[in-house]
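Encoded as structure tokens, the structure appears first; notes follow it.
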Amino acid sequence: MSIDNSFQHLLAIKDLSREQIETIFRTADEFIQDTEIINDPRLRGIKVANLFYEPSTRTRLTFEIAAKSLAADSINLNIATSSAQKGESLIDTLQNLEAMGIKMFVIRHFANGAPQFFATHVKQGNSVINAGDGSHEHPTQALLDMATLRRYYGRDFSQFKVAIIGDVLHSRVARSQIYALKKLGTCDIRIIAPETLVPQDIESLEVKYFSDLREGLQGVNVILCLRLQKERMDKGLIPSEQEFFNLYGISKKSLNYAEKDAVVLHPGPVNRGVEIASDVINSSQSLILKQVTQGIAVRMAVMTLCQQKG
Ligand code: CP
């Protein structure tokens, strides 16, 4: 008897089993060959709406490309010129879009839990995919990060020694990455950050904390940089961007503290010279642009698996 690893909604990595994550990887493999995305009309005729209440380049466009590659009808609601500006509630927006025949909702929202709220109100059979909510989770980012590591860094996840560096306090990406790594069998997960950028509930994440970059990078073979989220930051959390780079930036010099074959990932958008130096971004150790392409295949997989359940 085959096990059904599909799901109606993708709201959080916390909700997924290891088997479901591995099913997403295997499904994504069907949609990418080398660096080429393979078109497959599995979602022909399905209407998908992208609702981005916060800015995005990578996530919005790769969801749109993913939908088009699956022959779905992808619609972008421009929130800045939508009736959200006149005070229309999320529920009213949702019900009106459903009345237009939309079956799948990709939502990014500044409020923690907004996609979950959507999911409890959609019609039976319709799907919601979380494209990043507040500081809660960004599940497809973590999935594409893990899929990139699986594809380009041929080791078992149990052999990874991972450092997540920077603004963990405001990061939905870091949370999703930690949950995904644990589910896939990684035990050695470290956070490297100034104390001002560490969440109060760090103990509940069950990771090792280092305030010193050199110490934290000893033996590490996977470096996950985070973006400094200046838009969510009160003044005074870091002395200056230059100081942050001096202490926590990934440069050719600081990369030497890690294992020789360590790989570097960043979800983007990158603040060059703040989180990471340009020569590292352009080096063979960087998987940053591979993450972006892999993101299309992973998002195609997520949409396909949601539709199977719907
Ligand atoms: N990584 C990420 O979510 O990038 P965008 O904000 O450009 O979508």
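The values are calculated or read from the model by the stated rules, or taken from the named source; none is laboratory data. No experiment lies behind these values; they were computed from the predicted model shown. Neighbour counts are summed over all protein chains in view; Cβ atoms, including those assigned to glycine, are modelled from backbone coordinates with ideal geometry.
In table form, for the structure just shown:
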read-out	value
Members of the range 173-203 found to be of a type in the set (Val, Ile, Thr) and under 15 Å from Lys161 (Cα atoms), listed by number	Ile178, Thr186, Ile189, Ile191, Ile192
Helices (runs of 4 or more DSSP H) lying entirely in the range 211-310 (those with 3 or more residues that are touching a helix residue (DSSP H, G or I) at 6+ places or on another chain (Cβ under 9 Å) and either closer than 28 Å to Ile129 by Cβ or assigned by TED's automatic domain parsing to the domain that holds Ala71 (or both))	288-309
Members of the range 40-85 found to be touching a Pro at 6+ places or on another chain (Cβ under 8 Å) and either small (Gly, Ala, Ser) or loosely packed, with under 14 Cβ neighbours inside 10 Å (or both), listed by number	Thr57, Ala71
Qualifying residues in the range 124-137 (those that are under 20 Å from Thr304 (Cβ atoms) and touching a residue at least 12 places away in the same chain (Cβ under 8 Å)) - the one farthest from the ligand (Cβ to nearest atom)	Gly125
Ile202 being in contact with a strand residue (DSSP E or B) (Cβ under 7 Å, 6 or more places away or on another chain), of a type in the set (A, V, I, L, M, F, W, C) and either in the same structural domain as His109 (by TED's automatic domain parsing) or without any contact (Cβ under 8 Å) to a residue 40 or more places away in the chain (or both)	yes
When residues of the range 155-181 are limited to those that are of a type in the set (D, E, K, R) and touching a strand residue (DSSP E or B) at 6+ places or on another chain (Cβ under 7 Å), the one farthest from the ligand (Cβ to nearest atom)	Lys161
Counted residues, the range 51-74 - those being more than 11 Å from the ligand (Cβ to nearest atom), closer than 19 Å to Thr304 by Cβ and not charged (D, E, K, R)	8
Residue check for Ile223: in contact with a strand residue (DSSP E or B) (Cβ under 6 Å, 6 or more places away or on another chain) and under 21 Å from Leu197 (Cβ atoms)	yes
Which numbered condition Ala147 fails, given (1) within 16 Å of the ligand (Cβ to nearest atom); (2) more than 22 Å from Asn112 (Cβ to Cβ); (3) in contact with a Lys or Arg (Cβ under 8 Å, 6 or more places away or on another chain)	(3)
Flag for Val264 being under 24 Å from Met146 (Cβ atoms) and away from the ligand (no atom under 16 Å from the Cβ)	no
Residues located in the range 4-22, provided they are in contact with a helix residue (DSSP H, G or I) (Cβ under 7 Å, 6 or more places away or on another chain), of a type outside the set (Gly, Ala, Ser) and surrounded by fewer than 20 Cβ atoms within 10 Å (Cβ to Cβ)	Asn5, Gln8, Lys14, Arg18
Selection count where residues are within 14 Å of the chain's Cα centre (by Cα) and at pLDDT 95 or above, scope the range 136-170	16
Elements of type helices (runs of 4 or more DSSP H) in the range 1-103, at least 2 residues being in contact with a Ser or Thr (Cβ under 6 Å, 6 or more places away or on another chain) and over 30 Å from Leu205 (Cα atoms)	58-69
